[in-house]
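Shown next, in structure tokens, is the structure this report addresses.
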Amino acid sequence: MNKSRETTVVMDARKDDSGYETAVKLLQAGEVVAFPTETVYGLGADATNDEAVRKIFEAKGRPADNPLIVHIADFQQLDAIVSEIPDVARICMEKFWPGPLTLILPKGPTLSKYVTANLPSVGIRMPNHPVAMRLIRQTGLPIAAPSANRSGRPSPTCAQHVWEDLKDRIPLILDGGETAVGLESTVLDCTVSPPIILRPGEITQEMLQQVIGDVSMDAGLLEEHHAPKSPGMKYTHYAPQGDMTVLEGDPKRIRTSIRELCQQMLLEQPNQRVGVLLTTNQTGDEAFCEQLDQMGVEWIIRPQGNADIQETGQHLYQWLREFDEKNVAKILAEGVPVQGFGAAVMNRMRKAAGHSIIRV
Ligand code: TXA
Ligand code: MG
């Protein structure tokens with residue numbers, strides 16, 4: 001979309017019937033609309049319409065070789081968009097849909113070639129969000145939707161983030177509040193046996209193994225020296241403007257290292273803004289943060305609630321955006337254990353840090 005266009009925001013989409021009507025009309029006319037899902041906000045378009053799908057790539061500035069996920073609200077929609085459903089995929093659909101699980105399946109005949117970037121497979125999911133489900137049902141269309149951010153920015157977890165990235169590039173944003181999961185769906189490739197996780201998410205390897213047995217994890221996801229299998233995972237995503245380093249290991253030792261690194265950084269460049277992101281609550285953190293404050297660390301983010309991994313996942317992208325807003329030049333972030341949903345959190349954190357990791 002080269003020409004600038006005005007963006008309307010429907011403030012509380014859950015209660016606004018006319019908001020849905022406008023959105024449905026736009027989607028049926030081949031336009032793009034941003035809407036909430038349980039993971040992150042999506043930028044949707046009719047997945048069967050070439051022109052509509054191209055508008056997604058244009059608005060996001062997304063490379064054309066990175067395929068999109070197709071969202072459905074009804075199992076009957078599957079017939080036209082996939083050519084085969086292996087048993088493992090059927091079991092996953094029954095168990096986890098609607099929910100944050102994208103299944104890669106052999107593609108069917110009706111989808112735009114731009115959706116799949118000419119691959120023989122397509123990613124499909126049924127989102128667990130009332131606004132997304134109602135919108136897809138009312139359009140009667142499969143909706144292609146990547147995350148509604150400009151390419152290379154963190155995925156949006158509230159309508160404000162979509163506005164910051166896509167204002168004047170898309171006609172409509174449906175605001176459904178803050179998203180619950182905060183990280184994108186798990187992507188499971190069901191075209192290979194055993195199925196393989198191409199992107200970790202809230203539906204964990206352990207959860208999948210419990211229902212379908214053997215499930216492997218793409219080796220490229222957590223380590224830097226393997227190339228990831230999924231087209232989208234090779235791009236530098238979620239990169240904040242500041243240089244980020246993740247510290248992994250014992251929380252006490254992590255705090256000692258953070259203190260030393262902050263001292264060093266501020267000695268080298270006293271005028272730069274340094275930010276610290278903590279993901280756990282430790283006794284003594286009040287005093288620790290006061291010390292950082294006195295050293296001149298300008299921006300400290302700590303979890304507000306239980307400091308569990310769920311909360312870190314839900315707010316990680318928001319926190320990265322906050323560091324950007326404050327022009328933080330150096331970010332030191334406490335990692336989380338790579339277990340359960342922690343695998344998804346660490347995958348995104350390590351990517352945001354460009355795999356700059358200190359293990360203590
Ligand atoms: O939670 C989500 O999945 C969100 C919401 C909006 O549903 N969507 C999302 O879409 O994260 P996107 O486009 O940002 O990420 C899609 C990922 C990319 O890494 C892409 O490469 C991968 O899925 N993907 C899509 N189709 C694929 C295919 N046929 N084979 C392998 N990977 C595929
Ligand atoms: Mg994305």
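The values are calculated or read from the model by the stated rules, or taken from the named source; none is laboratory data. For clarity, every value in this text was computed on a predicted model and none was experimentally measured. Glycine gets a Cβ as well: all are built from the backbone with ideal geometry, and neighbour counts include every protein chain shown. Just so you know, the surface numbers come from the protein's heavy atoms only, side chains and all, with ligands and any DNA or RNA stripped out. Shrake-Rupley method; radii C 1.70, N 1.55, O 1.52, S 1.80 Å.
Just a few scattered comments:
- Computed from backbone phi, the HN-Hα couplings of the stretch 184-194 come to 5, 4, 5, 10, 10, 7, 9, 8, 10, 10, x Hz, rounded to whole numbers (Karplus: 6.51 cos²θ - 1.76 cosθ + 1.60, θ = phi - 60°; Gly and Pro given as x).
- Rounded to the nearest 20 debye, dipole of the stretch 243-359 from Cβ charges on Lys, Arg, Asp, Glu: 360 debye
- In Å², nearest 10: area of residue 192 left accessible to a 1.4 Å probe: 60 Å²
- Ranked packing of 300-306, 115-121, most packed first, by mean Cβ within 10 Å: 115-121, 300-306
- Each label was represented as a point 7 Å from its Cα along the Cα-to-Cβ direction; for residue 75 and residue 241 these points are 4.9 nm apart.
- Dividing the summed -39500 (n - 2.57) terms of all DSSP H runs of n ≥ 4 by the residue count of the chain sets its mean residue ellipticity at 222 nm at -10000 deg cm²/dmol.
- Taken over the stretch 251-290, the convex hull of the Cα atoms encloses 64 Å³ per residue.
- Projecting the Cα positions of 126, 109, 163 onto the charge dipole of the stretch 57-197 (unit charges on Cβ atoms of Lys, Arg, Asp and Glu, taken about the Cα centre) puts 163 furthest along the positive direction.
- Using 0.36 nm per residue and subtracting the Cα-Cα separation, the extra length available between residue 264 and residue 293 on full extension is 9.0 nm.
- A simple charge model with +1 on the Cβ of Lys and Arg, -1 on the Cβ of Asp and Glu and nothing else charged puts the dipole of the chain at about 640 debye relative to its Cα centre.
- Whole-Hz Karplus values for the stretch 72-85 come out as 10, 10, 8, 4, 4, 5, 5, 3, 7, 10, 10, 9, 7, 10 Hz, taken residue by residue from phi with 6.51 cos²θ - 1.76 cosθ + 1.60 and θ = phi - 60°; glycine and proline positions read x.
- Taken over the stretch 243-359, the alpha-carbon convex hull comes to 94 cubic angstrom per residue.
- The stretch 127-138 - phi-based ³J(HN,Hα) in whole Hz, Karplus 6.51/-1.76/1.60, Gly and Pro as x: x, 9, 8, x, 5, 4, 5, 5, 4, 5, 4, 5
- Rounded to 5, the percent of DSSP beta bridges in the chain classed as antiparallel: 35 percent
- Both radii come from the Cα set of the chain: Rg as radius of gyration, Rh as Kirkwood radius; their ratio Rg/Rh reads 0.98.
- Interchain or long-range residues, amide H under 5 Å from residue 299's placed H: 274, 276
- For the set 95/351; 107/167; 252/330; 55/107; 25/60, the pairs lying more than 24 angstrom apart at their alpha carbons are 95/351; 107/167.
- Positive-pole candidate from 288, 262, 305, dipole of the stretch 243-359, charges at beta carbon: 262
- Close amide H contacts of residue 44 (hydrogens built in the peptide plane, cut-off under 5 Å, sequence separation of 5 or more or a different chain): 33, 34, 35.
- C-alpha center-to-center spacing [the stretch 26-58, the stretch 139-171] in angstrom: 9 Å
- Rounded if a/c under 1.5, otherwise prolate or oblate - the stretch 138-200, Cα gyration tensor axes: prolate
- Added length on full extension, which subtracts the Cα-Cα distance from 0.36 nm per residue, residue 11 to residue 283: 93.9 nm
- Gained length - residue 168 relative to residue 306, 0.36 nm times residue gap less alpha-carbon distance: 45.9 nm
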